[in-house]
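What follows is a set of notes on a single structure, which appears directly below.
The values are calculated or read from the model by the stated rules, or taken from the named source; none is laboratory data. As the structure is a computational prediction, the values presented were derived from the model and not from experiment. In this analysis, Cβ positions are derived from the backbone assuming ideal geometry, glycine residues included, and neighbour counts consider all displayed protein chains. We work out accessible area using only protein heavy atoms, side chains counted, and drop any ligands, DNA or RNA first. Shrake-Rupley method; radii C 1.70, N 1.55, O 1.52, S 1.80 Å.
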Amino acid sequence: MLLLSGSIGAGHHAAAAAVAEAIGAAWPEAEVVTSDVLAGMGTGAPRTFSGIYATCVRALPWLYGLYYWLLVHVGFFRAGTRTVLGRWSARSITPLLAGHRPDLVVATFPEGVAGLGHLRRTGRLPARAVVVPSDPAPQPLWCDADLDAVLVTTEEAARRVRRSAPGATVPVVRWPVRAAFSPPAVDPARSRLRVLVAAGSFGFGDLPTVVHAVLAAGADAVVATTEEPVRARLDTVAAAHPGRVEVHRWIDDPATATRSADVVVTTGGGASAFEALACARPLLVVDPIPGHGRDNARLLHRAGLARLCRGPSDLTAALRRLADPDVHAARVAALRARAPGEDLAAALAGVRGTARMRSEDALFWHASTERVPQVLGARITIATTASDPTDWPALVADRVRERAAAIPLLARRLDEAGIPRWVPTVPDPHRHLDLVLHEGDADALTTVHVVGAPVDPRDVGWRLTVTRQGPDRVSVLAAVHHSLGDGLAVTDALVRLLTDEGAGVPVGRRAPDSPTTDDARTRHRDRVRRGRRSLVGIAALARAGGARRGALGDRSRGGAASTRIVSRVRDAAQVRALARALGTSTTVVVAAAVAEALAAPGATTVRAMVPLTVRLRADADHGQTGNRTAAVAVDLPVAPGPVGRRVAAVAAALERGRASGQAEGSAAVLAVLGRFPRWAQRGFAHLTYGGRFFHLIVSVMPGVRRPIHIGGGLVAEVVPVLPLAEGVGVAVGAIAWGRTLGLGLALDDAMLGDVDLTERVDAAWAALIREAGVAFEEENGAHSKG
């Protein structure tokens with residue numbers, strides 16, 4: 001666990017010490033690392049921040065009060081402050097995350113909260129992150145719905161957090177103090193009250209005046225301050241009242257000092273207030289410091305946990321009332337009887353890792369409609385024997401029960417309360433799996449159980465169906481809502497869930513690692529280069545414009561009800577040989593086959609949306625869930641002409657699309673869109689993701705080359721299933737798996753009308769083979785061609 005504190009005062013460190021103690025007691029083997037966020041924010045940052053804060057509170061209280069008021073009430077000021085602090089403190093936190101790789105990060109310092117929020121929103125905080133405010137009244141910088149929880153101590157504090165960060169998880173816990181702060185077994189009988197004046201490590205407030213008010217009530221005072229001039233004045237007061245005033249520079253054992261006091265008086269209301277209340281000591285707050293001090297005092301007063309005294313005379317009066325033994329005993333009894341919140345360690349252990357829905361995932365959530373849902377999937381076919389006794393639905397159910405909860409993509413659902421977030425869930429085999437073994441035609445079953453699958457990321461976001469095709473073939477059909485992840489993420493999840501080899505199988509091939517540098521100038525140049533490329537890409541997207549209406553069917557018709565899946569399985573080695581013979585790649589071969597199939601007299605081009613994954617880049621995190629793709633718009637040539645010329649034209653069009661920066665531009669647009677309200681994101685998705693801007697989807701994905709098994713049977717082939725979009729009637733997916741290349745065609749017959757694309761694709765594939773001069777026998781019954 002990584003604890004992020006800050007050296008402005010001692011309250012943040014006190015809360016961090018309480019968290020560390022709680023974790024150590026609950027899990028003795030846990031490694032707890034505590035770090036000062038300010039120490040990593042630049043040379044002299046701790047001293048500078050602390051000095052500015054102390055000077056403002058003492059000499060310019062109106063300025064600090066104004067800053068706090070703006071922070072609470074002015075949205076753009078709050079957003080700007082959070083952005084500046086978040087980016088700055090993230091530089092301090094990032095190396096800590098890399099060095100320690102914590103399972104849990106806890107922030108007890110607002111600047112740490114801002115940094116964690118920035119890292120979470122930029123995808124660089126995989127660990128669970130929890131906030132433990134060191135103030136009873138959390139101000140806005142304590143509140144961030146993108147983090148996993150904010151632990152507060154009162155229901156009023158929880159309401160404040162939810163107002164500042166709608167959708168945040170806000171458990172109410174016990175006071176965040178060390179175990180030594182506990183009520184004394186017996187309150188000693190004294191002739192005079194013993195009052196602890198706790199002004200925090202800075203000693204804010206007019207302490208001599210406060211002590212005079214205590215003495216005026218007939219009570220004794222214990223006070224500490226590191227300020228030499230103030231301590232000199234207090235020594236004078238103590239000399240004038242022998243035996244009545246204890247003056248310390250620092251109290252080494254605050255727990256004993258608090259437990260032995262009858263009353264605690266504070267001018268801050270932060271950690272000192274928590275410690276007093278944990279010891280069931282009546283708490284009085286006098287002339288609190290501006291900003292958060294006054295907010296703390298008001299909240300505690302309204303909650304009945306403290307008395308707010310507006311000046312020395314009010315403090316004297318309150319102490320005189322508490323000098324009555326019956327009044328004091330009743331107040332102590334009320335504090336002892338207060339229902340404690342959840343144990344701090346238990347609350348931290350129960351925090352579930354939530355994540356804000358990324359804009360890339362939100363695109364597919366908002367683009368999904370009742371007519372054309374965004375459901376992708378796969379048909380995974382297993383070679384068995386005619387005498388195979390395996391109960392395949394039961395085997396898959398066992399794998400779901402044993403493994404699914406540990407696979408992030410499969411163990412989450414969408415929570416739309418407040419900011420849309422992914423929250424953990426435990427998959428139930430009875431809800432995610434059809435326990436009946438279905439038999440019949442493979443494509444027909446895929447159409448019914450994938451295209452028509454009732455998946456919803458808010459409840460059951462994925463489903464599995466087991467089918468049999470003949471005596472020696474069993475298939476698992478997977479239907480997954482596209483918002484949960486892209487093709488590679490889904491493939492990786494299914495491999496980990498279903499195969500005998502499990503997580504040991506790499507999906508796709510990653511690029512070789514490139515040298516990295518921590519040089520700030522190099523990083524700046526890289527950011528500038530990426531920014532320029534994004535701008536160029538956005539301009540390229542704008543120049544591409546909309547898709548030509550009517551180029552591929554009637555986009556006003558069709559939907560999932562009229563969509564069918566057609567599959568073809570090719571020999572992967574022979575496909576690679578075909579690509580080599582044509583001097584191109586597998587992606588170009590598939591796209592050229594589609595273009596050849598669509599060729600017709602009078603046609604010119606059709607617009608294909610081609611997703612490009614970022615997972616194969618050297619700096620990509622292949623374990624990340626969700627959608628990690630960007631798309632380029634490619635105008636495929638469909639005018640009649642020689643096949644060889646078409647292949648070259650498709651290769652050139654794809655290369656232009658990659659080089660145009662469209663992928664970076666679309667990613668940048670989505671990143672900006674994620675900051676807009678939900679209604680704006682939904683409108684953008686409906687406007688852009690569909691037939692207005694492209695006619696078809698073509699995606700070629702890397703798969704797994706090595707043999708893998710399910711229930712002892714070899715996975716013989718995998719056919720991907722891509723979703724269509726509103727106004728889009730064709731989607732072609734391809735994935736290499738073992739010795740095969742699986743092709744899945746999603747065809748909307750109502751939109752395409754009389755166009756028989758299946759036969760045309762077969763004829764186009766044959767034309768490519770003839771062009772390349774490659775002869776082989778295809779698995780789907782085609783004859784050897786030369």
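All other residues with a Cβ under 11 Å from the Cβ of Pro457 taken together, and with Lys, Arg as +1 and Asp, Glu as -1, what is their net charge? Can you show the working numbers first?
Working: positive: Arg412, Arg413, Arg458; negative: Asp361, Asp415, Glu416, Asp456, Asp459.
Once positives and negatives cancel, what remains is -2.
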Summed side-chain charge close to Arg564 - residues other than Arg564 whose Cβ falls under 9 Å, Lys, Arg +1, Asp, Glu -1: -3
Crossing angle, helix 11-26 versus the chain [Cα axis fit, 0-90 degrees, rounded to tens]: 70 degrees
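Pairs of Cα atoms under 8 Å, at least six residues apart: use those to get the relative contact order of the chain, whole percent. Intermediate results must be reported in sequence, preceding the final value.
Working: 1597 pairs, mean separation 85.3, N = 786.
With pairs under 8 Å counted, the relative contact order is 11 percent.
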Chain lengthening between Ala600 and Arg336 when straightened (0.36 nm per residue, less Cα-Cα): 86.6 nm
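Helix-derived [θ] at 222 nm for the chain: sum -39500 (n - 2.57) over DSSP H runs of at least 4, divide by residue count, nearest 500?
Numbers: 27 runs with 322 residues, N = 786.
So the calculated ellipticity at 222 nm is -12500 deg cm²/dmol.
Out of the range 212-317, which GluC sites (Glu not before Pro) are coil in DSSP terms and have no more than 11 other C-beta atoms within 10 Å?
Details: sites: Glu227, Glu246, Glu275; in loops: Glu227.
Sites meeting the loop and neighbour criteria: none at all.
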Contact order normalised by residue count of the range 134-210, Cα under 8 Å, 6+ apart, percent: 24 percent
Charge sum, other residues only, whose C-beta stays under 12 Å from Asp443's C-beta, Lys/Arg counted +1 and Asp/Glu -1: +2
Cα-based shape type of the range 671-770, given that a ≥ b ≥ c are square roots of the gyration tensor eigenvalues and the cut on a/c is 1.5: oblate
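Averaging sequence separations of C-alpha pairs under 8 Å and six or more residues apart, then dividing by the length of the range 644-786, give the relative contact order as a whole percent. Write down the numbers at each step before the final one.
Working: 153 pairs, mean separation 22.2, N = 143.
Once normalised by length, the contact order is 16 percent.
Tell me the carbon and sulfur percent of the accessible area for the chain, rounded to whole percent, probe radius 1.4 Å. Each step should come with its number before you reach the end.
Details: 18140 of 33340 Å².
In the chain, the share of accessible area belonging to carbon and sulfur is 54 percent.
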The range 621-674 shape via C-alpha gyration tensor axes, a/c threshold 1.5: prolate
Cβ-Cβ FRET estimate between Ala98 and Trp250, R0 fixed at 35 Å, reported to 0.05: 0.45
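Suppose R0 equals 35 Å; then what is the FRET efficiency for Arg770 and Arg473 from their Cβ-Cβ distance, rounded to the nearest 0.05?
0.70
If the viscosity is 0.890 mPa s and the temperature 25 °C, what translational diffusion coefficient in µm²/s does Stokes-Einstein give for the range 244-370 when Rh comes from Kirkwood over Cα pairs? Kindly include the intermediate steps, with their values, before the conclusion.
Numbers: Rh = 17.7 Å.
Calculated translational D: 139 µm²/s.
Is the C-alpha gyration tensor of the range 335-422 telling us rounded, prolate or oblate? Criteria: a/c under 1.5 is rounded; beyond that, a/b larger than b/c is prolate, otherwise oblate. Don't skip to the end; give the middle numbers.
Details: a/c = 3.95, a/b = 1.53, b/c = 2.58.
The shape class here is oblate.
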Net length gained if the chain between Ala750 and Asp187 were fully extended (0.36 nm per residue, minus Cα distance): 194.3 nm
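More than 35 Å apart: what percent of Cα pairs in the chain qualify?
Here the long-distance tail beyond 35 Å is 56 percent of all Cα pairs in the chain.
Just the accessible area per residue of the chain, please: how many Å² with a 1.4 Å probe? Please list the in-between numbers first.
Details: 33340 Å² over 786 residues.
That works out to 42 Å² per residue.
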Between helix 487-498 and the chain: long-axis angle, C-alpha atoms, 0 to 90°, nearest 10: 80 degrees
Pair Asp571, Leu437: separation of 7 Å Cα→Cβ label points (nm): 3.2 nm
